[in-house]
Amino acid sequence: MEEMAVLCGGPCKGLVLPLAGRHCRSCPLQLVLACGQVSWDVAGLLSPLALIFTSLLWLRACFSDLQKTYVVLWLVLDYISDCIYIGDIVIRLRTGFLEQGLLVKDLKKLRDNYIYTLQFKLDVLSILPTDLAYFAVGLHHPELRFNRLLHFSRMFEFFDRTETRTSYPNIFRISNLVLYILVIIHWNACIYYAISKAIGFGEDSWVYPNVTDPEYGYLTREYVYCLYWSTLTLTTIGETPPPVRDEEYLFVIFDFLIGVLIFATIVGNVGSMISNMNATRAEFQAKIDAIKHYMQFRKVSKDMETKVIKWFDYLWTNKKAVDEREVLKSLPDKLRAEIAINVHLETLKKVRIFQDCEAGLLVELVLKLRPQVFSPGDYICRKGDIGKEMYIIKEGKLAVVADDGTTQYALLTAGGCFGEISILNIKGSKMGNRRTANIRSLGYSDLFCLSKEDLMEVVTEYPDAKKVLEERGREILIKEGLLDESAEEESMEGKSVEEKLDRLTLNLDTLHTRLGRLLTEYSDAQMKLKQRITVLESQMRQQDLEDFFSDSSDSLSEVGGEATPAGL
């Protein structure tokens, strides 16, 4: 789909109007339109107008009483619609498009991009002043404006764009389908009335009854009766009077064919929509069925089976059954990162050690967060366990409990975090990398998990950030009296030795790389030298052969010269 913008045509000379609700203040032509939005907005304005005007045009052309009763109103609406259509063409002439990823601002290119399309030809045909023929035939012939129906394609454009942009595509598709069916039934009703009028009202049982009958002689009954007949015919229900004339048979046959197509379209589209609407539920149910089958096969206890089913039920009820990584994997890394930042960044900033960290580190960490859901009574961690993850509480309540599992020491709520110190593995920490408390979920809890491996993988690319994180971790440990400073000094001494070893290793790797490069260059040079020697040898052999054949020919000529006199 093309992204579009509208260029201002006033003194600003082609300034792009990028945001909805803004305009060029230096320009008398103040367009309130948006980049990437204008075509959709204009189509959204024109779509209902096009639908209403075309529907009324058919109605007025077939039901002459409606045209004659409100002739002034129709003239006003007709010329308002003409002005709107002309304005739409002007906007399209200034609607930008992307060329090689860049917005085209040249007005000549914009005009050419629109003028040489089929849509421009249809738009021009739709505003041709065919209603000038009113002067010859009178005002009661709205069918002269049928060329305005060519602008109906604007509605299809709006529907296509809306289906992509709406958050409820299935509901929109159903509404769209119903609207199409109603429009076709309406048009068919108008045609039925026009055919009845051409044949003669009440001439046979199939056409519309005689309008001289008071029961069928007023406008509302005429339209409702035709709409009823059209609905019965196109839905293939039948129960209408049979046709009498050949032309009536042909029209009914055509209607039946259209009705069959409509019925098939309804069945196909509705079935597809229902399948799409239930696709997520069907996939989720398949996972539950697989787990149930496994538990039955392995003879899992009823209590555990109930707990697992309740966990799945919680996921579905609270709309947490979607695998975020699976859903976002089709997006490029840039967009996936932006969505993750939008969703998780504020949560990550609540962690003490990550506050005021550089943005690049936070972005990398956001992509590593994994959502986890715990059931009531689940232990997130136990005292003495090796800490491999840290957790951030998104929803729910957790309790710090004693070894008996009932006595509560503290309550953790949404926004809290724990385990961040253990994954940093700070030297001198009295608790090392082991958990110091039992943390249990009181109800269903939604947590974000960040593993130690993911954190270390990220901070290797941000060495300065790693030092800052370790320093903040030490500050927290000192504040809580959990840092052994003597052990820390020993670790720092050991760390200096380790740093020297790391430098030596790095230097060895560098030397190894250089040696490998030299060996490669030596091999290449040796290969080239061998090739040159081979060429020289072949040239020498060829030269020797040429010398040999040259000497042989000279000796033969000498022998021939000596033998000739003797023979004489």
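What the table shows:
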| item | result |
| --- | --- |
| All positions within the range 213-256 that are under 21 Å from Trp187 (Cβ atoms) and among the β-branched types (Val, Ile, Thr) | Thr220, Val224, Thr231, Thr233, Thr235, Thr236, Ile237, Thr240, Val252, Ile253 |
| Residue list for the range 387-403, restricted to those being over 31 Å from the mean Cα position of the chain (by Cα) and closer than 14 Å to Arg370 by Cα | Lys388, Glu389, Met390 |
| Helices (runs of 4 or more DSSP H) contained entirely in the range 314-422, each with at least 1 residues that are surrounded by 14 or more Cβ atoms within 10 Å (Cβ to Cβ) and small (Gly, Ala, Ser) | 333-349 |
| Check on Lys287, within 30 Å of the chain's Cα centre (by Cα), of a type in the set (Lys, Arg) and open to solvent by 70 Å² or more (accessible area, probe 1.4 Å) | yes |
| The range 159-175, residues that are open to solvent by 60 Å² or more (accessible area, probe 1.4 Å) and over 19 Å from Ser275 (Cβ atoms) | Asp160, Thr164, Arg165, Ser167 |
| Subset of the range 219-251 that is in a loop (DSSP other than H, G, I, E, B) and under 41 Å from the mean Cα position of the chain (by Cα) - its residue that is nearest to Leu66 (Cα to Cα) | Thr235 |
| All positions within the range 200-256 that are acidic (Asp, Glu) and without any contact (Cβ under 8 Å) to a residue 24 or more places away in the chain | Glu203, Asp213, Glu215, Glu239, Asp246 |
| From the options Phe156, Phe152, residue that is open to solvent by 30 Å² or more (accessible area, probe 1.4 Å), of a type in the set (Phe, Trp, Tyr) and within 30 Å of the chain's Cα centre (by Cα) | Phe156 |
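Each row is one residue, and each column tells you yes or no for (1) out of contact with any Gly (no Cβ under 8 Å at 6 or more places or on another chain); (2) open to solvent by 40 Å² or more (accessible area, probe 1.4 Å); (3) more than 24 Å from Leu261 (Cβ to Cβ).
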residue	(1), (2), (3)
Asn188	yes, no, no
Ile191	yes, yes, no
Ala194	yes, no, no
Ile199	yes, no, yes
Asp204	yes, no, yes
Val207	no, no, yes
Tyr216	yes, yes, yes
Arg221	yes, yes, yes
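The values are calculated or read from the model by the stated rules, or taken from the named source; none is laboratory data. Quick caveat: nothing in here was measured; it's all calculated off a predicted structure. Note that we place each Cβ from the backbone using ideal geometry, even for glycine, and neighbour counts take in every protein chain shown. Please note that ligands, DNA and RNA were not included when accessible areas were found on the heavy atoms of the full protein model with its side chains. Shrake-Rupley method; radii C 1.70, N 1.55, O 1.52, S 1.80 Å.
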